[in-house]
Amino acid sequence: EAEVAQSPRYKITEKSQAVAFWCDPISGHATLYWYRQILGQGPELLVQFQDESVVDDSQLPKDRFSAERLKGVDSTLKIQPAELGDSAMYLCASRGDPGAYEQYFGPGTRLTVT
Amino acid sequence: GNSVTQMEGPVTLSEEAFLTINCTYTATGYPSLFWYVQYPGEGLQLLLKATKADDKGSNKGFEATYRKETTSFHLEKGSVQVSDSAVYFCALYEIGNQFYFGTGTSLTVIP
C-alpha cells in the first residue's frame, strides 16, 4: 500500500538554528499539504501545494518558514531560525485527483526546540 | 467561516462499552465530513467519511451519520476494544477550501 513518507521522524534543535523536514507524497498525488499539530490540538494548515505551485500559504509564518515543491513531487519545509514555540508535530499529507476527498497523512516529524 | 467542534476528552471506557464522540460543524456551503484516528506517535488515518446529508460512513465497527439539520457528525461504536485507544479527530472539507479539524478527543479503553 502506498504511503506518504516523511523524514526525519524526530528532530531536536536549539533555538535560532535552522531545521528542515522532507515529505514524499503518494505517487501521482498532485496536492500536498503541510500541517502543524501542537500537542493536544488538531492539525492546522501551513501550506498547500497543487503540483509545484503554492495554493494557500496564508497561515505560514513567512518570516521564518519556507516551503518548496520544486518538481511537483517531494517537498521540503524549512524553519529558520527555530523558536521554542515551534515545538510541534509537522505532518505532511497528500491527495489524489481533485474529485477525491481523502487526504493521506505521513507519520509526521516531531520537532523539539530547546 | 468553517469550523469543527468536538466534545472534549479524555474519554475512558471499559472494553465492550458503547462509544459516542460528538462533533458539530459550521460551514458556508456543503462540506464533506470525516473522522480521522491518530495512534501515539503516528500520523492521522482516515477512519470514515460522508459526502452529503444523511450519508452514513462506517468502518471497523465505527459509524457516523451526516446530519445537516443539526450540523452534526457524531462518531459511534457499539462495543469498543482496547485497540481502539487513540485520539479521534472530526474534520470537514469543502471543494476549493481547506480541511478544518477539531481539537481531537482522546479515548482510552481499559480491559
Taking region A:31-48 and keeping residues at the interface with chain B (Cβ under 10 Å from one of its Cβ atoms), of a type in the set (S, T, N, Q) and in contact (Cβ under 8 Å) with a residue 24 or more places away in the chain leaves A:Gln37
Since A:Tyr10 meets every condition but one in (1) more than 29 Å from B:Glu8 (Cβ to Cβ); (2) surrounded by fewer than 20 Cβ atoms within 10 Å (Cβ to Cβ); (3) at pLDDT 95 or above, which condition does it not meet?
(1)
Only unsatisfied item for B:Val4, checking (1) surrounded by fewer than 22 Cβ atoms within 10 Å (Cβ to Cβ); (2) at the interface with another protein chain (Cβ under 10 Å from one of its Cβ atoms); (3) in a strand (DSSP E or B), is (1)
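Rundown of residues vs (1) away from every other protein chain (no Cβ under 14 Å); (2) out of contact with any Ser or Thr (no Cβ under 8 Å at 6 or more places or on another chain); (3) at pLDDT 95 or above, yes/no style:
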residue	(1), (2), (3)
A:Lys15	yes, no, yes
A:Phe21	no, no, yes
A:Ser27	yes, yes, no
A:Phe65	yes, yes, yes
A:Leu70	yes, yes, no
In region B:7-38, residues that are exposed (fewer than 13 other Cβ atoms within 10 Å of the Cβ) and touching a Ser or Thr at 6+ places or on another chain (Cβ under 8 Å) total 5
Could you pull out the residue among A:Tyr90, A:Tyr104 that is within 9 Å of chain B (Cβ to nearest Cβ) and either surrounded by 14 or more Cβ atoms within 10 Å (Cβ to Cβ) or in contact with an Asp or Glu (Cβ under 7 Å, 6 or more places away or on another chain) (or both)?
A:Tyr104
Given (1) more than 15 Å from the chain's Cα centre (by Cα); (2) of a type in the set (Ser, Thr, Tyr); (3) at pLDDT below 95; (4) in a strand (DSSP E or B), where does B:Tyr100 come up short, assuming only one miss?
(1)
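Take the residues of region B:86-96 that are within 16 Å of A:Arg95 (Cα to Cα) and facing another protein chain (nearest Cβ under 9 Å): which is surrounded by the fewest Cβ atoms within 10 Å (Cβ to Cβ)?
As a first pass, look at region B:86-96 and keep what is within 16 Å of A:Arg95 (Cα to Cα): B:91-96.
Going one step further and asking which of them are facing another protein chain (nearest Cβ under 9 Å), we end up with B:91, B:93, B:95.
On the way: B:Ala91: 25, B:Tyr93: 22, B:Ile95: 11.
Only one residue fits best here, namely B:Ile95.
How about region A:63-92: which of its residues are touching a Cys at 6+ places or on another chain (Cβ under 7 Å) and either without any contact (Cβ under 8 Å) to a residue 40 or more places away in the chain or assigned to a loop (DSSP other than H, G, I, E, B) (or both)?
The first filter runs over region A:63-92 and keeps only residues touching a Cys at 6+ places or on another chain (Cβ under 7 Å), leaving A:74-75, A:92.
Residue satisfying the conditions is A:Asp74 alone.
May I ask you to say which residue of B:Ala64, B:Ala50 is over 18 Å from B:Gln98 (Cβ atoms) and within 14 Å of another protein chain (Cβ to nearest Cβ)?
On the way: B:Ala64 fails: within 14 Å of another protein chain (Cβ to nearest Cβ).
On inspection, the qualifying residue turns out to be B:Ala50.
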Condition met for A:Val55 (part of a strand (DSSP E or B), within 13 Å of chain B (Cβ to nearest Cβ), surrounded by fewer than 17 Cβ atoms within 10 Å (Cβ to Cβ) and out of contact with any helix residue (DSSP H, G or I) (no Cβ under 7 Å at 6 or more places or on another chain)):
yes
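The rows are residues; the columns are (1) in contact with a strand residue (DSSP E or B) (Cβ under 6 Å, 6 or more places away or on another chain); (2) loosely packed, with under 15 Cβ neighbours inside 10 Å; (3) assigned to a strand (DSSP E or B).
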position: A:Gln17; (1), (2), (3): no, yes, no
position: A:His29; (1), (2), (3): yes, no, no
position: A:Gly42; (1), (2), (3): yes, no, no
position: A:Phe49; (1), (2), (3): yes, no, yes
position: A:Pro61; (1), (2), (3): no, yes, no
position: A:Asp97; (1), (2), (3): no, yes, no
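The values are calculated or read from the model by the stated rules, or taken from the named source; none is laboratory data. It should be emphasised that the depicted structure is a prediction, and the values quoted were computed from it without experimental measurement. Backbone-built Cβ (ideal geometry, glycine too); neighbour counts: all protein chains shown.
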